[in-house]
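Engineer: Before I ask anything, here is the structure I am working with.
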Amino acid sequence: MKNYTIFRTLLVLGPLWYCLAVLSIFFLRSAYPFELEWMEGGTLIHLLRLQAGLPLYVAPSLEYAPFIYPPFYYYVSLGISQLTGLGGFLPLRLVSILSTAGSAFVIAILVQKQTQSRFWAFLSAGVFLATFRAGGAWFDIARVDMLFTFLLLAAIYAGTASDHWLSMVFAGLLLGVAFYTKQTALAYATFFICASWFFRGWRFALISGASFVFFAMSSFLIEDHISMGWYRYYIFTLPGNHKLYSPVWLLMLVQAYNIVYPLSISIVISLFGIVPYKKRLTGQVAFLVACALGLVALSGASSLNVGAYANNYIPAFAGFSLLFGIGAFWLESRLLRFVNRPVPILMFYTACLLQFVLLYFNVSQQIPTAEDRRTGEQLVAQMRAVEGDVFAPYNVSLPILAGKPAFAHLVALMEIEGHFGDVRDPQWAFLKREFENDIQQRRFAALVLNHEYELWQQVGLFYSLTSIEYGADGTFLPVTGTSTRPTGFWLPSP
């Protein structure tokens, strides 16, 4: 082992670089006052409603319509804002940052428990952090995904911590909390319980399953009762209208490539490390491998929906990172024990290093520029100068910063319209009529729109366009997600 210490030391530079890169990105953009990703503004509205003591799940209107996610992420963000006194996007992004750190830590702990190697535990966590850009540059975004991923990993840790019944209870409860964060946890919980029955026994499956069902059902019934049925509408009815991309088989191939390619080297290493040790795959380690593969399957299934983005790959990257740590340790052990020749061992370390090279991304491209900030401030100043309400459904944070009331985010309206499926919800007719009446009566002092959309068809009849000029092609575009920015101010026609 001493002969290869220098190569192991060099290998550590990979995860170290990505740790520093991700930390620098967190530091440089977490306080950015505008959307890093265009749906962040809608998330901010949820937090502001909670801070004002208003319910999240109510009848949709132009003033407000919630996103189709359960509320736990918003509740945690509210707690952070109250504890720290932070405002704007910071509490929301801080939850994602802490969840990212927690996810990397749990991956490292799980790998160390199976391998007794801090080295491979650190590298596996580093691989996960290195997927920052491949996963949509999402680790600090004000969205539910990082908290969701952390809760799934925490459930896996609880499920492999011991054979005590409390471990089983905590695993089920954490899955329940994950479901309270993002409803796709229901599919993973089903897989988790089936895998626990197969690898850990019926007792584990029964206890973890019962605790999951108890928390999931309790939280659902409470929220649905408080909201008088609207919770059910947003969490199940609207998502149930989503459709899959067509043809599905082609999308499955594309998404499989998107998920596998960034970590292709680590996947090969995992296969060479784990498959020859298949006789070891019993009990907790087999359960851990199954849970990791379940995360991959969850990402694959989630990526087939219309509107899916790279953030859906994050659970898969977490699963592959777990498998890499275990497989690489077993492969290294076998090479050092049975081969002990420089060439194959150096090839192995080189392959590990190349995995980090493959995931390289330009840090500066992930950070909004000074010009982006100045442009945002100018837009806010223009809105502040307008006497009256400003309707900006794409960039809802701008009116808020201008001291004006916010309106519903466009994505929330598109859900009701049926944009992500073939079913147009009955609520859409009421929303469309409400908007058309507001336009005809010139209710808004200004509209700030980004591109053409069905709902804006009558705007030109009652409002006049003043185009927004930008100094550069990429100015004020979000650093991730849908590439969109305001294209013009619509002011009431004389």
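Bear in mind that the values in this text are calculations on the coordinates, not laboratory data. Predicted, not measured: the structure shown is a model, and the values here were computed from it. Note that we place each Cβ from the backbone using ideal geometry, even for glycine, and neighbour counts take in every protein chain shown.
Engineer: Please name which of Gly307, Phe324, Pro342 has its Cα lying farthest along the dipole of region 299-390 towards the positive end, using unit charges on Cβ (Lys, Arg +1; Asp, Glu -1) and the Cα centre as origin.
Structural biologist: It is Pro342, whose Cα lies furthest towards the positive end.
Engineer: Expressed in whole Å with the largest first, what are the equivalent ellipsoid semi-axes of region 344-494 derived from the C-alpha gyration tensor as the square root of 5 times each eigenvalue? Kindly include the intermediate steps, with their values, before the conclusion.
Structural biologist: Details: eigenvalues 313, 97, 28 Å².
Sorted largest first and rounded, they come to 40, 22, 12 Å.
Engineer: Summing +1 for each Lys or Arg and -1 for each Asp or Glu, what net charge is found among the other residues whose Cβ lies under 13 Å from the Cβ of Tyr75?
Structural biologist: Working: positive: Arg49; negative: Glu223.
The answer is 0.
Engineer: Hey, what angle do you get for helix 118-130 against the long axis of the chain, alpha-carbon based, 0 to 90 degrees rounded to 10?
Structural biologist: For helix 118-130, the angle is close to 30 degrees.
Engineer: Determine the equivalent ellipsoid of the chain by diagonalising the alpha-carbon gyration tensor, then write out the semi-axes as square roots of 5 times the eigenvalues, largest first, rounded to whole Å.
Structural biologist: Working: eigenvalues 378, 142, 70 Å².
So the equivalent ellipsoid measures 43, 27, 19 Å along its semi-axes.
Engineer: Same structure, new question: Sort largest first and round to whole Å: the equivalent ellipsoid semi-axes of region 172-328, each the square root of five times a Cα gyration tensor eigenvalue. The partial results should precede the final answer.
Structural biologist: Values: eigenvalues 176, 107, 22 Å².
So the equivalent ellipsoid measures 30, 23, 11 Å along its semi-axes.
Engineer: Taking the Cα centre as origin and putting +1 on Lys and Arg beta-carbons and -1 on Asp and Glu beta-carbons, what dipole magnitude results for region 125-219, to the nearest 20 debye?
Structural biologist: On the way: 5 positive and 3 negative charges, 19 e Å.
Approximately 100 debye in magnitude.
Engineer: Could I get the Rg over Rh figure for region 322-426? Both from C-alpha atoms, Rh via Kirkwood, rounded to two places.
Structural biologist: Details: Rg = 26.6 Å, Rh = 19.5 Å.
Dividing the radius of gyration by the Kirkwood radius yields 1.36.
Engineer: Normalising by the residue count of the chain, find the relative contact order in percent from Cα pairs under 8 Å and 6+ residues apart.
Structural biologist: 20
Engineer: Go ahead and estimate [θ] at 222 nm for the chain from helices alone: -39,500 (n - 2.57) per DSSP H run with n ≥ 4, summed, over the residue count, rounded to 500.
Structural biologist: Numbers: 19 runs with 291 residues, N = 494.
Rounded to the nearest 500, the figure is -19500 deg cm²/dmol.
Engineer: Just how far, in whole angstrom, is region 307-331 from region 391-470 if you go by their alpha carbon centroids?
Structural biologist: 39
Engineer: In addition: Let me know the volume per residue of the alpha-carbon convex hull for region 89-138, in Å³.
Structural biologist: Numbers: hull volume 3.1 nm³, N = 50.
Dividing the Cα hull volume of region 89-138 by its residue count gives 63 Å³.
Engineer: Of Ser219, Val396, Leu20, which is farthest on the positive side of the dipole of the chain, counting Cα position, with +1 on Lys and Arg Cβ, -1 on Asp and Glu Cβ, and the Cα centre as origin?
Structural biologist: Leu20
Engineer: Of Val260, Ala297, His164, which is farthest along the charge dipole of the chain in the positive direction, counting Lys and Arg as +1 and Asp and Glu as -1 at C-beta?
Structural biologist: His164
Engineer: Let me ask another. Taking the Cα centre of the chain as the origin, how large is its charge dipole in debye, to the nearest 20, when only Lys and Arg (+1) and Asp and Glu (-1) carry charge on their Cβ atoms? Mind showing how you got there, number by number?
Structural biologist: Working: 30 positive and 26 negative charges, 451 e Å.
Once rounded to the nearest 20, the dipole reads 2160 debye.
Engineer: Tell me, Lys243, Lys182, Lys432 in order of fewest to most beta-carbon neighbours within 10 Å?
Structural biologist: Numbers: Lys243 14, Lys182 24, Lys432 18.
If I rank by nearby Cβ atoms, fewest first, I get Lys243, Lys432, Lys182.
Engineer: Can you give me the pair-distance distribution of region 356-416, C-alpha pairs, 10 Å bins, whole percents?
Structural biologist: In whole percents, the pair-distance histogram is 21, 33, 26, 15, 5, 0.
Engineer: How much net charge surrounds Gly229 when only the other residues with a Cβ under 15 Å from the Cβ of Gly229 are counted, with Lys and Arg +1 and Asp and Glu -1? Provide the component values of the computation, followed by the final result.
Structural biologist: Details: positive: Arg232; negative: Glu223, Asp224, Asp425.
Summing Lys/Arg as +1 and Asp/Glu as -1 gives -2.
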